[in-house]
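J.: Below you'll find the structure I mean.
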Protein chains: 2
Amino acid sequence: MINTTTNSPIKALMFDVFGTLVDWRSSVASHAQSLLGDKFNIDWLAFADAWRDQYQPSMQKVRSGEIPFSSLDHLHLINLNKIIQDFSLKGIDELTKKNLNLAWHKLDGWSDTQEGLQRLRKKFITAPCSNGNISIMVDLARHNHIHWDAILGSEIAGNYKPNPIVYKASVKALGLNPDEVMMVAAHSSDLKAAAEQGLKTAFITRALEHGPLGSKNNAQAETKALTPVDYSANDLNDLAQQLGC
Amino acid sequence: MINTTTNSPIKALMFDVFGTLVDWRSSVASHAQSLLGDKFNIDWLAFADAWRDQYQPSMQKVRSGEIPFSSLDHLHLINLNKIIQDFSLKGIDELTKKNLNLAWHKLDGWSDTQEGLQRLRKKFITAPCSNGNISIMVDLARHNHIHWDAILGSEIAGNYKPNPIVYKASVKALGLNPDEVMMVAAHSSDLKAAAEQGLKTAFITRALEHGPLGSKNNAQAETKALTPVDYSANDLNDLAQQLGC
């Protein structure tokens with residue numbers, strides 16, 4: 001589906017990160033197993049899925065105003081305490097929890113992420129517009145050799161996507177009009193919310209976000225956009241090619 | 001003067017930008033002359049000095065609460081309108097003013113800036129902690145081939161240095177303790193304010209910030225720190241060497 005937005009030239013690309021640029025699921029599972037695998041024998045992919053399941057509900061409390069904004073690092077830690085109980089992982093000390101929480105700072109990029117972003121940055125300003133806080137983004141960029149022009153998203157907006165303020169604050173920080181910025185994501189809900197704020201949109205297929213069989217709780221990757229978009233690409237190199245990079 | 005802060009290892013360096021990393025004075029003078037030199041014959045360095053003279057008073061209105069936070073781009077434009085009158089530059093249209101205001105997005109780095117920052121980034125997280133807004137920092141980094149890990153400073157804090165919130169918000173965004181971050185600047189007032197928030201400090205001599213003779217209004221560069229600092233360096237390469245980069 002192709003959107004019918006304006007003809008303004010695109011000057012900047014803003015990226016969703018978890019799932020779109022990095023493989024959170026196998027990275028978190030691997031990190032948790034390396035820290036706890038000697039003591040506990042559980043399904044670490046299910047552990048990663050369960051941790052991620054708490055993601056939207058915890059941010060919804062901020063979006064609804066039930067709790068004030070706090071960073072994703074903080075929400076991740078609260079959520080970790082919950083799933084540690086759910087998986088009956090007993091006796092984990094606070095330092096280990098803190099190290100476990102850093103799993104989200106060390107997620108591996110998809111195979112095309114580094115090269116694709118390098119190509120796209122030659123022509124466009126590039127920045128994450130993620131729900132991850134700035135220090136997560138700093139560490140992920142270092143880990144995956146990404147050169148961002150700026151780090152935008154939830155922390156500069158004080159709220160979480162898909163709240164409109166996150167897209168608006170991020171576009172404003174670039175000093176651009178919304179139709180000069182394209183949101184790039186593997187999730188239609190993110191792109192739909194961005195389009196509603198006047199941004200252009202690009203869908204990236206990430207068929208393996210929830211693993212080859214889907215997650216333990218039947219979450220499935222989107223294989224195509226479920227909302228009108230301006231571009232649809234198989235990966236970042238495909239997007240770069242479509243954009244003439 | 002050497003400060004006596006803690007022994008925590010430094011993990012991140014935050015940089016003042018105007019004056020410390022880029023030569024705002026000759027760059028602004030050159031940019032203004034290239035846009036207006038055909039129509040007006042004035043001292044363009046004096047024009048740059050006069051524009052910069054409005055910098056602190058305009059930010060002070062935000063710091064004091066007299067006006068709400070607005071970006072430095074916005075303040076620069078207000079200040080430009082004032083000095084255009086002071087210099088009797090008549091008949092400048094709004095588009096030309098907007099282009100003039102972009103002078104602050106195209107400032108040239110000092111000769112050591114690119115290499116020095118590259119060296120320092122190998123060992124430390126590096127980010128500007130400037131009063132410039134994010135889009136100024138994005139454009140300056142592109143213009144001078146700087147790779148920042150994040151863009152911190154006034155816009156994420158909603159206030160201007162040396163208000164403590166700017167240092168605190170910037171350190172918090174990195175997920176670090178204040179004593180794990182070092183502020184790098186050519187201005188003692190900036191370093192003093194950072195030290196008061198627990199940051200480490202490095203002074204860089206920028207003898208030519210106000211030109212070889214000082215500015216038209218007798219502003220003089222600081223040739224040494226006027227407040228206790230942890231490091232004092234002739235330029236960024238000297239700092240890199242002192243820090244073992």
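Every read-out reported here was derived from the displayed coordinates using simple, explicitly stated rules and does not represent laboratory data. Everything numeric in this text was worked out from a predicted model, so none of it was measured. Heads up, the Cβs are rebuilt from the backbone with ideal geometry, glycines too, and the neighbour counts pull from every protein chain shown.
J.: Two decimals is fine: what's Rg over Rh for the stretch B:24-105, C-alpha atoms, Kirkwood radius as Rh?
T.: 0.97
J.: In nm, what does the list of distances from B:Q242 to its counterparts in the other copies look like, shortest first, when each label sits 7 Å along Cα to Cβ?
T.: For B:Q242, the inter-copy label distances come out at 5.1 nm.
J.: What are the ³J(HN,Hα) couplings of the stretch A:228-245, residue after residue, when phi is run through the Karplus curve with 6.51, -1.76, 1.60 and θ = phi - 60°? Round to Hz, x for glycine and proline.
T.: Listing the rounded values in order: x, 9, 7, 9, 9, 9, 6, 6, 6, 5, 4, 4, 4, 5, 4, 8, x, 8 Hz.
J.: Hey, can you grab everything whose amide H is under 5 Å from the amide H of A:C129? Only 5+ residues off in sequence or another chain; H modelled, so Pro and N-termini drop out.
T.: A:F15, A:D16
J.: Test of understanding: given chain B, find the longest segment containing no trypsin sites (Lys or Arg not before Pro) that are in a DSSP loop and have at most 14 other Cβ atoms within 10 Å.
T.: In short, B:91-223.
J.: How far is the Cα center of the stretch B:94-112 from the Cα center of the stretch B:152-213, in Å?
T.: Between the Cα centres of the stretch B:94-112 and the stretch B:152-213 lies a distance of 23 Å.
J.: For the protein assembly as shown, which semi-axes, largest first and in whole Å, follow from the square roots of 5 times the eigenvalues of its Cα gyration tensor?
T.: Computed over the protein assembly as shown, the values are 41, 28, 19 Å.
J.: At 7 angstrom along the Cα-to-beta-carbon line, where would the label on A:D108 sit relative to the other copies? Give the distances in nm, shortest first.
T.: Spelled out, the distances from A:D108's label point are 4.6 nm.
J.: Other chains near B:135-147: what is the mean number of their Cβ atoms within 10 Å of each residue's Cβ?
T.: 3
J.: Under a 5 Å amide H to amide H cut-off, with H placed in plane at 1.01 Å, what residues pair with A:V229 once short-range neighbours are removed?
T.: Amide H neighbours of A:V229, under 5 Å, 5+ apart: A:I2, A:N3.
J.: Which distances in nm, rounded to one decimal and ordered from shortest, link the label point of A:L77 to the equivalent label points in the other identical copies, with labels set 7 Å from Cα toward Cβ?
T.: 4.1
J.: Next question. Limiting things to C-alpha atoms, what are the Rg and the maximum Cα-Cα separation (Dmax) for chain B, in angstroms?
T.: Cα only, chain B: 17.7, 58 Å (Rg, Dmax).
J.: How much mean residue ellipticity at 222 nm does chain B get from its helices, if each DSSP H run of length 4 or more adds -39500 (n - 2.57) and you divide by all residues, to the nearest 500 deg cm²/dmol?
T.: -12500 deg cm²/dmol
J.: Return B:I92, B:I146, B:I134 ranked ascending by Cβ neighbour count within 10 Å, so the fewest neighbours appear first.
T.: Ranked by crowding around the Cβ, least crowded first: B:I92, B:I146, B:I134.
J.: How about A:K200: which aspartates and glutamates have a C-alpha closer than 20 Å to its C-alpha, ignoring those fewer than 8 places off in the same chain?
T.: Counting by Cα, and skipping residues close in sequence, A:K200 has these aspartates and glutamates nearby: A:D16, A:D149, A:D179, A:E180, A:D190, A:E222, A:D230, A:D235, A:D238.
J.: Looking at chain A, what % of its DSSP beta bridges pair antiparallel, to the nearest 5?
T.: 5
J.: Mind checking the mean number of beta-carbon atoms from other chains within 10 Å of the Cβ atoms in B:151-162?
T.: 2
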